[in-house]
Structures are given as structure tokens and as C-alpha cells.
Amino acid sequence: MVAIPRVVIAAAASGQGKTSIATGLLGAFRARGRTVSPHKVGPDYIDPGYHGLAAGRPGRNLDPWLVGEERIVPLFVHGATTPTTADLAIVEGVMGLFDGATGLGEYASTAHIARLLQAPVILVVDGSGVGRSVAALVHGFATFDPAIRIGGVIFNRVGTPRHEQILREAVESVGVPVLGAVYRQEALAVPSRHLGLIPAAERTAEATATVAVLADVVGASVDLAAIEQLAATAPALETPAAAERPATRRTLIAVAGGAAFTFGYAEQAELLSAAGAEVVTVDPLRDEALPAGTAGLVIGGGFPEVHADELSANVPLRRSISALAASGAPVAAECAGLLYLARSLDGRPMCGVLDVEAQMTPRLSLGYREAVATSDSVLAAAGTRVRGHEFHRTSCTPAQAPAWRWQGPAGAVDDGAVASGVHASYLHLHWAGNPGMAERFVAATVPA
């Protein structure tokens, strides 16, 4: 059993300010000397980047669709105790509190995670354009599911002190504590573009400044002591001890990072390390060669289309990656990685590992996917079933054999490519939900 004080930050719908409030809470508690553990419900990569910046440790995802609900508590405990045990865990929800995967009710919703973690929920309520009617909204959320405990409300985008008083009196009349009120401020806005918020890794100093402002504003606007007391009411969690897997060898695996490749789950590098790899980061915008001795390469998602000119201009690294792939070494690429391995992206030369031209499109491909491996690869044996998600506005159809097949609205969809040691696709995977994937990838670095 492990006791980790924790709260879930939820809302009635998307756009209510969950990320700003959660990030601000993480920064405010950290500024007061607390060790805080950041978590995000769902597959989102961008919010955890801001969480990690505020908390000073990696933001981690909790997604039952990707990893299975039986792994949610163990992954939460792992994150909250790595590298040290946190004083408090903040879990930001996804969409509205009860919004789950399409067609599956509340499965993979914020409420689902709150139940699995036995955590109290703080409801963020956008106060814009509402007065006493807010009581009906909060009452509905507090009584809709008896298994979900609404421990308090934080109002966001409050207009005036009088407005705050009206909101407070309305909600307190239905027996739900008000834990704070954050007023409208332009400084709290985080800029967006075609796929949502701009990742923290791309904004560097500006992102750090935004997080600092959020910590100051939220810290001054909410009752932090009351939130700590609420978090402490969460019961201890029962979780099996992690199995020791002694590594018998060390092989160098490079993982793409930097501003162009910001989409990745923290557990991936940890799993590779546990499987016997020494994991190093390579930044395709800055580094002109793979680290000496690189035996495998992982290229995750991100925004290569935004940095296409810089990626293309780094000819030495493109050649280094092409040579590694030609050697038969394992290369795993997701989405942005797939585009980077193409011959070109919107006319700019890329690595040329895959026989395909990639381009931006106006169409958003977004959603969970249940896929089957169509052939043996460095990630999976043919016939392996996985769950992942798509998130892009690009198009390409490699000439090589596809990596995955899934059923779309119009029929079967073939995705990506498998060629020698290369596995590339649009499908984003959480390796913690696919036991053995890291071991298979590392084992592929061993000469036959």
C-alpha cells in the first residue's frame, strides 16, 4: 500500500481552463517547497509539457485506452514516486468530467480515472457569462455519479469581486466548497496553432514565464491549504511491487527530442533503459550526427512541418540517420518521425529512408485506433493487436509494406511502413501498454 495525496482537476467541458489551473497549482505548490507529481488524463502530449515545466519533473499520462485500466494505478504510483515520492499529485482531466472514448460511455474519461485512483475531484468552472445558474451546473456534476466525489470548485475567468460573490454564494448553497476564484487575465493565455497549444519546449523562455505567472496567480487565488487537506483524504493505493529486470547488456539508443519532436511518453525511455539500453537524446534541429555507437533510433511525434526548413538544412544528420537505417539497425518512428524519414515534406528534402513524399493537408486525423501489425517488425510480431491514437494534418502513403491495419469509417486503413529494421507509422503508441515492445526493440540491435 502506498499513500499519495492526490486530486483530479476536472471541468464541465473543454476550454474551461483546466490546463491553466492545473499548471498553476503545480507551480504554486512547488514554489512553497512541495514536491509535486504531474499527471494528465488521455493521450495528450502538450499539456504534460507545461505540467513538467511547472513541477520540475516529467508530466505523465494516464490513459486506460492506451495501456489498459489495470495499469493506471501502477503507472500513477510509478510516476508519483519517480525520482522521489511526491508530497502531492495533481491529475488534470480531459474534456468534460464524464466524457469518455467515443462509443464507450465513461471509459477513459476523467471520471473513470478518478474512480480508479479513488481521488477527490476539483471542478474548474468557467464563470464567464453566468451567475446563480452555476449552482445548477455544480449540483448536477456533484450528484450525477455517486462514485465521484466533488471535493470543491475553482472558478475561472471571474469578472469582478461582485461576480465572484454571486458565484460563491450560489455554489455554497448546494453544499460544495469553493476553493478559489481566478480572474480574467490576458497574461494567462497560452498561444495555440493548428494542433492545439504550442508545446512548452518550443516556447522556452516564454513558456517558463507563462508558467511562473500561472503559479503566482493561481497561488494567490486559491486556498492551497484546503486543497492539500482534500488531497490527503484520498486512501492509500494497493499496487504490486515492480518486478526487477536486470539488464544483461547496454546498447545505445538515440531518441529524437528538441522543439521539432516533443511528443513522447516518459515511460518509453524508462522501458528502453530497463530492457538494457543507454538512452541518449538527439536534437535534429541542432545535432549534426547521431551519437557515436548508436545502435537504434526512436523518433516520436511533434511538429516537423513547423520546422521543416531547419530539419532539411541539417544535411549531415539526415545522412547519418539514412546510413543507420540502411545498416539494418532498428528505427521506430511515429507520425512526425514518419514524415522526417520520408523523401520530402512539403517539398523540403528529409532523410529519404522511406519512398514517399509527405505534405500538409487541411484535414485533421484524430482519434483512438485499434490496429493489427501486418508483418513482423522491430516493434511487434505480425498479428499483434495494439491500441494507439492518431493526431495530425498531413498525408503520405509509403511504397513499403504497411506497419498497421485498422478499420476506419470507409473500410480498412493501411498505415505506415516496415522495411528492414525500420518501423514507421502515424499511430502513436504508449509502450507501457504493450509489454515486451521495448525488449523487442533493444533485442533487434543484437546482430543475428
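Taking the 1.4 Å solvent-accessible surface of the stretch 216-351 as the whole, the part contributed by carbon and sulfur is 51%. May I ask for the percentage of alpha-carbon pairs in the stretch 1-145 that lie more than 26 Å from each other? Every Cα pair in the stretch 1-145 considered, those over 26 Å come to 21 percent.
The share of Cα pairs per 20 Å bin across the chain, counted from zero up to the longest distance, runs 25, 54, 20, 1 percent.
Can you give the relative contact order of the chain as a percent, counting alpha carbon pairs under 8 Å and 6+ residues apart?
Working: 1018 pairs, mean separation 62.0, N = 448.
Reported as a whole number, the value is 14 percent.
Go ahead and set up a Gaussian network model of the chain, Cα springs under 10 Å, then flag whichever of A114, A399, A373 fluctuates most. Of A114, A399, A373, the most mobile in the Gaussian network model is A399.
Relative protection proxy for 293-300, 21-28, 305-312, from highest mean packing down: 21-28, 293-300, 305-312 (other beta-carbon atoms within 10 angstrom).
Over the stretch 320-448, average the accessible area per residue using a 1.4 Å probe and give it in Å², no decimals.
On the way: 5070 Å² over 129 residues.
Per residue, the stretch 320-448 has an accessible area of 39 Å².
Helical runs assigned H by DSSP (4 residues or longer) give the chain a calculated mean residue ellipticity at 222 nm of -8500 deg cm²/dmol, each run adding -39500 (n - 2.57) before division by the residue total. Protein heavy-atom accessible surface, 1.4 Å probe, per residue over the stretch 1-102: 29 Å².
The values are calculated or read from the model by the stated rules, or taken from the named source; none is laboratory data. Remember, it's a predicted structure, so these values are computed and weren't measured experimentally. Quick reminder, even Gly has a Cβ in these numbers, built from the backbone with ideal geometry, and neighbours come from all protein chains shown. Ligands, DNA and RNA are excluded from the accessible area calculation, which covers all protein heavy atoms including side chains. Shrake-Rupley method; radii C 1.70, N 1.55, O 1.52, S 1.80 Å.
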